[in-house]
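The values are calculated or read from the model by the stated rules, or taken from the named source; none is laboratory data. Source: prediction; values computed, not measured. Here the Cβ positions follow ideal geometry from the backbone for every residue, glycine too, while neighbour counts run over all protein chains shown.
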């Protein structure tokens, strides 16, 4: 299978991988610059950067890079054994650039109200695949959210269990009522989403947290929730609140 076709498939499926590329070869042996190896999150790989101990270390580093999403240049001074396996001469050296392949982050907005509209637009502009979820078709529709990647209408519980939420996902809770917020927050805390944020007053948040702890949600999970949502920029209007939320998403994305 073509390596770049596989990368496109991985991204489309919301999966993760790392791509290793030889960027420099020092020595008089035939050059192998730009040879590539794609390492998937399940440990399988396509291609080669020379085999042997070098490739084994690249595979090991790639698994870490997939997790931390930070690229890295690996430097190798090749031994006689490495030379035999890679085709280079003894005393040579090799530089390999390993970069993470991660899906476009998904922004799942629960609630299709006045804040959700500008947030969906801004979210799309800053590189998120936006999904709108609400149980009211008169609010959750393409006319109100033309930039949304997906729009789901139905019971929050039914929709949530079918969403593909992973480590690149961001969940924003903006529903119209405390009960819906509590339900969505409970489900969100049981995912591996990179970000979970919820709108509301500090009093409301305190009450919901207490309710959820009584239902068995771990305190540590609740402590990771961004609530009240957004950076404190003294926002007042729906548009300003959307900007504050988007700013927080950017901050988390690059932290």
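Taking the range 122-133 as the range and being in contact with a strand residue (DSSP E or B) (Cβ under 7 Å, 6 or more places away or on another chain) and either free of Cβ contacts under 8 Å to residues at least 40 places away in the same chain or part of a helix (DSSP H, G or I) (or both) as the test, the residues that pass are 123, 124, 129, 130, 131, 132, 133. Among the residues of this structure, residue 251 does not count as one that is at pLDDT 95 or above and surrounded by fewer than 12 Cβ atoms within 10 Å (Cβ to Cβ). Within the range 118-134, if we keep just the residues that are surrounded by fewer than 19 Cβ atoms within 10 Å (Cβ to Cβ) and more than 28 Å from residue 67 (Cα to Cα), the residue that is farthest from the chain's Cα centre (by Cα) turns out to be 118. Pairs meeting the criteria (first residue in the range 25-42 and in the same structural domain as residue 67 (by TED's automatic domain parsing) and at positive phi, second residue surrounded by fewer than 17 Cβ atoms within 10 Å (Cβ to Cβ) and modelled with pLDDT under 85, beta carbons under 9 Å, at least 6 apart or on different chains) are 27/89; 27/90; 27/91; 27/93.
Tallying residues that are over 19 Å from residue 3 (Cα atoms) and either over 21 Å from the mean Cα position of the chain (by Cα) or assigned to a helix (DSSP H, G or I) (or both) within the range 57-75 yields 9. In the range 178-255, counting only helices (runs of 4 or more DSSP H) that sit wholly within it, the ones holding 3 or more residues that are closer than 26 Å to residue 158 by Cα and out of contact with any strand residue (DSSP E or B) (no Cβ under 7 Å at 6 or more places or on another chain) span 178-188, 202-214, 219-223.
The rows are residues; the columns are (1) surrounded by 18 or more Cβ atoms within 10 Å (Cβ to Cβ); (2) over 22 Å from residue 118 (Cβ atoms).
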residue	(1), (2)
147	no, no
162	no, yes
189	yes, yes
196	yes, no
203	no, yes
224	no, yes
232	no, no
235	no, no
238	no, no
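Of all residues in the range 141-173, those being farther than 15 Å from residue 128 by Cβ, part of a loop (DSSP other than H, G, I, E, B) and touching a helix residue (DSSP H, G or I) at 6+ places or on another chain (Cβ under 7 Å) number 1.
Residue pairs whose Cβ atoms lie under 8 Å apart, sitting 6 or more positions apart in sequence or on different chains, and linking a residue in the range 63-75 that is closer than 20 Å to residue 167 by Cα to a partner that is assigned to a helix (DSSP H, G or I), are 71/65. Residue pairs whose Cβ atoms lie under 9 Å apart, sitting 6 or more positions apart in sequence or on different chains, and linking a residue in the range 211-236 that is on the phi > 0 side of the Ramachandran plot and in the same structural domain as residue 180 (by TED's automatic domain parsing) to a partner that is at pLDDT 95 or above and part of a loop (DSSP other than H, G, I, E, B), are 230/199. Annotation note: of 29, 17, the sole residue that is more than 30 Å from residue 199 (Cβ to Cβ), modelled with pLDDT of 85 or more and in contact with a helix residue (DSSP H, G or I) (Cβ under 9 Å, 6 or more places away or on another chain) is 17.
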